[in-house]
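To start, the structure under review is shown below, and the notes come after it.
Each reported figure results from applying straightforward, stated rules to the coordinates on display, with no laboratory input. As the structure is a prediction and not an experimental result, all values here were calculated from the model. Here the Cβ positions follow ideal geometry from the backbone for every residue, glycine too, while neighbour counts run over all protein chains shown.
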Amino acid sequence: MMVRSQPVIAAMVLLACAGCGSEAEPTPPARLVPAARDVVAEQWQAVLAGKSDTLELSGVTVADDDLAPLADRGPSGEQAGVAREVRLGPSRLSQRGVATLAAIDSLETLVLGETRLDDAGAAHLAQLPKLRVLNVPLAEITDAGLASLAKIPRLELLRVGSPKLTDAGLAALADHPSLRQLIIVDTPLTDAAVEHVRRMKLESLYLFKTKISDQALAELQRIVPHVHFD
């Protein structure tokens with residue numbers, strides 16, 4: 001006959017009676033996600049106070065009205081700091097919201113990761129005098145919109161994607177004085193784009209999901225120091 005040791009029996013009793021005679025632990029309340037407008041307001045106040053130069057909004061879905069706090073320029077219009085970088089993830093911005101961002105003329109980096117930027121919005125961004133980095137991979141701009149982005153005077157890096165762009169649209173970027181890195185995603189470019197790239201002063205070129213042939217890619221590798229493609 002097998003006899004269990006006392007410690008083992010005690011442990012089994014405790015497991016069997018777990019929760020007996022006691023109420024279940026209450027479920028903790030779900031963590032509240034701050035409203036996008038509150039996040040914008042809090043971060044903007046940090047910028048005005050000179051404590052930050054970045055609006056990191058990639059964790060909330062931003063709509064036009066959520067950007068209303070950006071109209072605040074501090075007491076008497078004075079502010080200790082400026083915003084140099086804005087990063088958005090999901091958004092429902094129209095050209096009105098883009099115009100609000102474009103009014104921050106100190107911007108050097110703007111990431112609109114999931115914004116459906118159109119030609120009207122692109123025209124507003126053309127007014128940013130210090131912008132060096134622009135990331136708009138899910139845009140819906142046409143060649144006219146790309147021509148607007150080409151007017152950004154200090155642009156150094158452009159990441160752009162739009163099913164409405166054509167090879168001819170790249171001509172607008174051909175003579176840009178400061179553009180050095182160009183990343184094109186999900187855009188129906190063909191081998192005809194090569195002649196426009198040839199006129200650019202690029203240091204690196206990234207091509208993802210285009211219609212450019214292997215032969216044309218080989219030619220691009222002779223033109224641009226660093227070419228990456230998928």
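Details
- Counted charge near Val111, where neighbours are those whose Cβ lies closer than 9 Å (Asp, Glu -1; Lys, Arg +1): +1
- A simple rule links phi to the HN-Hα coupling: the Karplus curve 6.51 cos²θ - 1.76 cosθ + 1.60 with θ = phi - 60°, which for region 196-202 gives 6, 5, 4, 8, 7, 9, 6 Hz, with x for Gly and Pro.
- Separation of alpha-carbon centers, region 198-230 and region 154-174, rounded to whole Å: 14 Å
- Cross-link partners of Lys201 among lysines (Cα-Cα below 28 Å; sequence separation of 8 or more within a chain): Lys130, Lys151, Lys164, Lys209, Lys211
- Counting charges near Ala216 (Lys, Arg +1; Asp, Glu -1) among other residues having Cβ under 13 Å from its Cβ returns a value of -2.
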